[in-house]
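Each remark here refers to the structure printed beneath this line.
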Amino acid sequence: MAEMDTSSGGGHKKGPGVKKGKKLSTRIDLTPMVDLGFLLITFFMYTTTLAKPKTMEINMPYKDPLMKDEPTKLKASAALTVLLSKNHRVYYYEGIGDDPNVPPALKATTFAQKNGIRDEIIAKKKMVDDMKRAGTLGPKDEATILIKPDTTSTYSDVVNMLDEMNINDIKVYAIIDITDIEQNFIKETEAANGIN
């Protein structure tokens, strides 16, 4: 049993005429405190193991089995293609890059707060809204971001891009495979800029 003795071993002298009182020994039993400590440790061990990791929820579009497979028409003026490469580099270009004879103007950026991919997404969204007001795009057309991770990009880069979609309230985006032509665009851009 754990005990704590609080009795004082020595006394001091008091003045004349003062009666010396009897000192009683006070003992405190600490056994319940040990039990409480073990209960708290057990509680925190159980609660930390039961905590579930949080994941991002992605809603996939519903595919009607009665509808024929008809490809969705994406207007190049409403699209921004983002290529994720090694060392957290982000390349982007306007449009969908469907013409192999006309290479897109590939630009490089990062995930930085200022002058990063977020600024380009905001600019694209504003440009699409201006085109809708001008009548060159229909009312149902939205800014569309095509995310294409390279084989050298990391999973965290894809998660960062999905976070950018949520932050900037982009309603239409897709993660699709990067083409060989786009991989060559990245290699040529890096070679021209002296990037390894």
- Query: What is the number of the single condition among (1) surrounded by 13 or more Cβ atoms within 10 Å (Cβ to Cβ); (2) touching an Asp or Glu at 6+ places or on another chain (Cβ under 8 Å); (3) within 23 Å of R89 (Cβ to Cβ) that K132 does not meet?
  - Reply: (3)
- Item | From A112, A192, residue being hydrophobic (A, V, I, L, M, F, W, C) and either assigned to a helix (DSSP H, G or I) or surrounded by 14 or more Cβ atoms within 10 Å (Cβ to Cβ) (or both) | A192
- Please go through segment 162-178 and pick out each residue that is surrounded by 13 or more Cβ atoms within 10 Å (Cβ to Cβ), assigned to a helix (DSSP H, G or I) and out of contact with any strand residue (DSSP E or B) (no Cβ under 6 Å at 6 or more places or on another chain). L162, D163, E164
- Note on the structure: Apart from one, (1) modelled with pLDDT under 90; (2) in contact with a strand residue (DSSP E or B) (Cβ under 9 Å, 6 or more places away or on another chain); (3) more than 20 Å from A76 (Cβ to Cβ) all hold for T151; the odd one out is (2)
- Note on the structure: Taking segment 146-161 and keeping only residues that are among the aliphatic types (A, V, I, L, M), surrounded by 15 or more Cβ atoms within 10 Å (Cβ to Cβ) and outside any strand (DSSP E or B), one is left with M161
- Run I121 past the list (1) assigned to a loop (DSSP other than H, G, I, E, B); (2) among the hydrophobic types (A, V, I, L, M, F, W, C); (3) closer than 20 Å to D157 by Cα; (4) in contact (Cβ under 8 Å) with a residue 12 or more places away in the chain and report the number of the one that doesn't hold. (1)
- By residue number, the members of segment 137-196 that are more than 18 Å from the chain's Cα centre (by Cα) and among the hydroxyl-bearing types (S, T, Y) are T144, T151, T152, T179, T189
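The values are calculated or read from the model by the stated rules, or taken from the named source; none is laboratory data. Source: prediction; values computed, not measured. When we count neighbours, we look across all protein chains shown, and the Cβ atoms used for this are built from the backbone with ideal geometry, even at glycine.
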